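Taking it in order: structure first as structure tokens, then the write-up.
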Amino acid sequence: MRAEGIETVRRILCVFPRYTSSFGTFEYAYPLTDGVQAFMPPQGLLLIAAYLPENWPVRFIDENIRAATAEDFEWAEAVFVSGMHIQRQQMNDICRRAHAFDLAVAIGGPSVSACPDYYPSFDYLHVGEMGDATNELIARIARDPSRPEQQVVLKTADRLDMTEFPIPAYELAEIKRYFLGSIQYSSGCPYQCEFCDIPGLYGRNPRLKTPQQITAELDRLLECGITGSVYFVDDNFIGNRKAALDLLPHLIEWQKKTGYVLRFSCEATLNIAKRPEILSGMREAFFGTIFCGIETPDPVALKAMRKDHNMMVPIMEAIKTLNSFGMEVVSGIILGLDTDKPETGQHLLEFIDASQIPLLTINLLQALPQTPLWDRLKRENRLIEDEGRDSNVDFRLPYEDVVTTWRACMASAYQPAKLLQRYEYQIRETYPHRVPLPASPQRASWRNIKLGLTMLRNIFWKVGVLGSYKLEFWKFAFRRLARGEIEYLISSILVAHHLILFARDASVGQQNASNYSMRLREAAVPAE
Ligand code: SF4
């Protein structure tokens, strides 16, 4: 549905802020693609864009692709911004630029919802999810688009049911410029891991769209030119297990109808390994990758962070189970926990070897506002507000030791030979369990073939000829070519290349040790 009953017409400029370089956004892979410039289409801002009154012209700009120009600001009557904590500086910068054109600027999304005081310059703060605050914001701008005399804070008390959500305005985004497509089925998570802000922000009882909404969104994404992979950005795909089971038959039917042209991935808790009925549906719907917040292989640490659900099945067994359904596991890992010891880094490397997981996002613990961790560390006087640090946590171990361990783990885990060996394992032990894909006309389209050839050419030239790990690359590539595994060659190298280059920077201190760290964000070039 859309906001209704508004007669006045307003021109709205939606601006999504730049990310600075991060482990999880794959910038180093972009030059190997056919023109990718950004990670995923932002769900929140495209959702709001779709909800605005039908007669309101909307422009959407992702500053990861191009910066908003003077002409954009001159065109607009009001500006909407949304983003996460790591984009805070860029969001404030967009606000400053919009104010130079005397435009009212509204901010919504997860960062302002958790920390309204991060955004003192904005005219409107939209706190919480889409709902009555959104209607109020639209009504106020419809009445008067000029800047209010003082900041107006609108808090959602009555959320819009997700079954009423419109399809995000994917048509406003340049979908082909994104590394992955994104889609959201549910919001919220029933667990309460100490460091996580999801239950506080979105609740413990997951809210849901209908399966029909999801297949309609997939249709729209296809119309907008999506290829490759679509990521379910749900906080936990099995937050409501029954709902996941309800959705899967619809996804399978959609895949069959459209020739299995897309591959899915999602985030879920590791106890999904106990649900073979869900896993087998996911296999048939062609889920190829699953992100699990394993966080640490140490059971004592898992208990301390209230993530006992990771131990419902022994971790290694759970990973093997997911692999046996054709799904490669991606793992979140945290260093700097109170339970860490000097040997924690070594244990992590042993875990990586044993699990054969290629991609692990290894982050230093960061206390996010509105989490139990934040409250505890505040009580213990262990929060450090120093933007020169990689974490705001006063670790139990010396800070320098923790950062050194992180750098050493990154350097070791992402040595080209080791990483490509782990991909070799996945190609041998995991991918053969995936659903056999039909030779459908959609998959074998000229556009897909051309895309594959372009990426192969880029990979051979930029990695095989100009790259810094040619020997390891060609050893891996020749095996793929000999076995006709061209798709595996492309998909593995795209990700591996990013990980290898990012980890090299990280191991010499040129990247942040936490996705949330502000240390190197200062260096971000404003998108002007
Ligand atoms: S399971 Fe994941 S989403 Fe849920 S509370 Fe824990 S970390 Fe957050």
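The values are calculated or read from the model by the stated rules, or taken from the named source; none is laboratory data. Remember, it's a predicted structure, so these values are computed and weren't measured experimentally. So basically every Cβ, Gly included, is an ideal-geometry build from the backbone, and we count neighbours across all protein chains shown. Accessible surface is based on the protein model in full, side chains and every heavy atom, while ligands, DNA and RNA are left aside. Shrake-Rupley method; radii C 1.70, N 1.55, O 1.52, S 1.80 Å.
If you check D375 against the conditions, is it open to solvent by 20 Å² or more (accessible area, probe 1.4 Å) and not in a helix (DSSP H, G or I)?
no
For D197, indicate whether it is open to solvent by 10 Å² or more (accessible area, probe 1.4 Å), farther than 25 Å from R275 by Cβ and within 16 Å of the ligand (Cβ to nearest atom).
Yes; evaluated as a whole, the condition is true for this residue.
Test Y191 against the stated conditions and say whether it is surrounded by 19 or more Cβ atoms within 10 Å (Cβ to Cβ) and within 24 Å of F39 (Cα to Cα).
no
Checking M316 against (1) touching a residue at least 12 places away in the same chain (Cβ under 8 Å); (2) buried (at least 18 other Cβ atoms within 10 Å of the Cβ), which single condition isn't satisfied?
In the conditions (1) touching a residue at least 12 places away in the same chain (Cβ under 8 Å); (2) buried (at least 18 other Cβ atoms within 10 Å of the Cβ), M316 misses (2) alone.
Residue under question is M327, and the condition is that it be open to solvent by 20 Å² or more (accessible area, probe 1.4 Å), away from the ligand (no atom under 16 Å from the Cβ) and of a type in the set (A, V, I, L, M, F, W, C); does it hold? Reasoning before the result, please.
On the way: open to solvent by 20 Å² or more (accessible area, probe 1.4 Å): no; away from the ligand (no atom under 16 Å from the Cβ): yes; of a type in the set (A, V, I, L, M, F, W, C): yes.
Against the criterion (open to solvent by 20 Å² or more (accessible area, probe 1.4 Å), away from the ligand (no atom under 16 Å from the Cβ) and of a type in the set (A, V, I, L, M, F, W, C)), M327 does not qualify.
Residues that are within 14 Å of the ligand (Cβ to nearest atom) and aromatic (F, W, Y): which strands (runs of 3 or more DSSP E) entirely in the stretch 203-308 hold 1 or more of them?
228-232, 287-295
Which condition from (1) out of contact with any helix residue (DSSP H, G or I) (no Cβ under 9 Å at 6 or more places or on another chain); (2) within 16 Å of the ligand (Cβ to nearest atom) is the one that P314 breaks?
Unmet condition: (2).
Quick one: which residue in E400, E387 is part of a loop (DSSP other than H, G, I, E, B), loosely packed, with under 15 Cβ neighbours inside 10 Å and either in contact with a Leu (Cβ under 6 Å, 6 or more places away or on another chain) or of a type outside the set (A, V, I, L, M) (or both)?
E387
Spot the failing condition for Q426; the list is (1) closer than 25 Å to G326 by Cβ; (2) open to solvent by 20 Å² or more (accessible area, probe 1.4 Å); (3) in contact with a strand residue (DSSP E or B) (Cβ under 7 Å, 6 or more places away or on another chain), and only one is missed.
Result: Q426 passes all but (2).
Out of L337, L322, L348, report the one residue that is of a type in the set (A, V, I, L, M, F, W, C), under 25 Å from the mean Cα position of the chain (by Cα) and assigned to a loop (DSSP other than H, G, I, E, B). Steps first, answer last, please.
Details: L322 fails: assigned to a loop (DSSP other than H, G, I, E, B); L348 fails: assigned to a loop (DSSP other than H, G, I, E, B).
Residue meeting the stated conditions: L337.
In the set Q356, Q366, Q370, which member is under 24 Å from the mean Cα position of the chain (by Cα) and open to solvent by 50 Å² or more (accessible area, probe 1.4 Å)?
Q370
Which numbered condition trips up P211, out of (1) touching a residue at least 60 places away in the same chain (Cβ under 8 Å); (2) surrounded by fewer than 20 Cβ atoms within 10 Å (Cβ to Cβ)?
(1)
If you check Y191 against the conditions, is it within 16 Å of the ligand (Cβ to nearest atom), touching a Lys or Arg at 6+ places or on another chain (Cβ under 9 Å) and under 24 Å from W374 (Cα atoms)?
So Y191 fits the description; yes.
Output the residues belonging to the stretch 252-284 that are under 21 Å from the mean Cα position of the chain (by Cα), of a type in the set (A, V, I, L, M, F, W, C) and within 20 Å of L437 (Cα to Cα).
If the condition is that a residue be under 21 Å from the mean Cα position of the chain (by Cα), of a type in the set (A, V, I, L, M, F, W, C) and within 20 Å of L437 (Cα to Cα), then L262, F264, C266, M282 are the ones that fit.
Being of a type in the set (V, I, T) and farther than 23 Å from I449 by Cα is the filter here, so list the residues in the stretch 1-41 that pass it.
Within the stretch 1-41, I6, T8, V9, I12, V15, T20, T25 qualify.
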